[in-house]
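In what follows, a single structure is set out as structure tokens and then discussed.
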Amino acid sequence: MSEIQLLNSLLSIDEKVEKLKISTQEKLKDFNKLRKFLRTQLKNHIDKPKYEFIPYEDTKTAIKFRKKFNKMSDEEKAKLEADVKIDE
């Protein structure tokens, strides 16, 4: 190879190296952004309780029971209360 060909090859390689550096830095920035996002999402999921505490009085079952209980006659209510006291 002549000196000019060697010089041109060297310049070409230098340009490719610079392009590769820029491309790699951009990809690295993207990966770092993604990593930060994923860490934030994971932290939010860990910090967030999986189940919300609901007092028994506010559960659907308790609300349905109260509605049905309120519709019962006094005799039915007394019988039910007596049955519950026996079970205790």
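Spread over its residues, the convex hull of the C-alpha atoms of the chain is 156 Å³ per residue. A simple rule links phi to the HN-Hα coupling: the Karplus curve 6.51 cos²θ - 1.76 cosθ + 1.60 with θ = phi - 60°, which for the stretch 33-44 gives 5, 4, 4, 5, 4, 5, 5, 4, 4, 5, 4, 4 Hz, with x for Gly and Pro. The 3J(HN,Hα) values that the Karplus relation (6.51, -1.76, 1.60; θ = phi - 60°) gives for the stretch 54-71 are, in residue order, 10, x, 4, 4, 9, 6, 4, 5, 5, 5, 4, 4, 4, 4, 5, 4, 5, 7 Hz. Gly and Pro appear as x. All other residues whose Cβ lies under 11 angstrom from that of Lys68 are scored, Lys and Arg at +1 and Asp and Glu at -1, for a net of +4. Our helix-only sum for the chain, with -39,500 (n - 2.57) per DSSP H run of n ≥ 4 divided by its residues, gives a mean residue ellipticity at 222 nm of -28500 deg cm²/dmol. Under the convention that each Lys and Arg Cβ holds +1 and each Asp and Glu Cβ holds -1, the size of the dipole of the chain around its Cα centre is about 180 debye. Solvent exposure of the chain, expressed per residue, is 104 Å² of accessible area, with all protein chains present and a 1.4 angstrom probe. Fully extending the segment from His45 to Ser9, taken as 0.36 nm per residue of separation minus the present Cα-Cα distance, adds 7.6 nm. Toward the positive end of the charge dipole of the chain, with +1 on the Cβ of Lys and Arg and -1 on the Cβ of Asp and Glu, the farthest Cα among Ile63, Leu34, Ile46 is that of Leu34.
The values are calculated or read from the model by the stated rules, or taken from the named source; none is laboratory data. Being a predicted model, the structure only gives us computed values, none of them experimental. In this analysis, Cβ positions are derived from the backbone assuming ideal geometry, glycine residues included, and neighbour counts consider all displayed protein chains. Side chains are part of the model used for accessible areas, which takes the heavy atoms of the whole protein and leaves out ligands, DNA and RNA. Shrake-Rupley method; radii C 1.70, N 1.55, O 1.52, S 1.80 Å.
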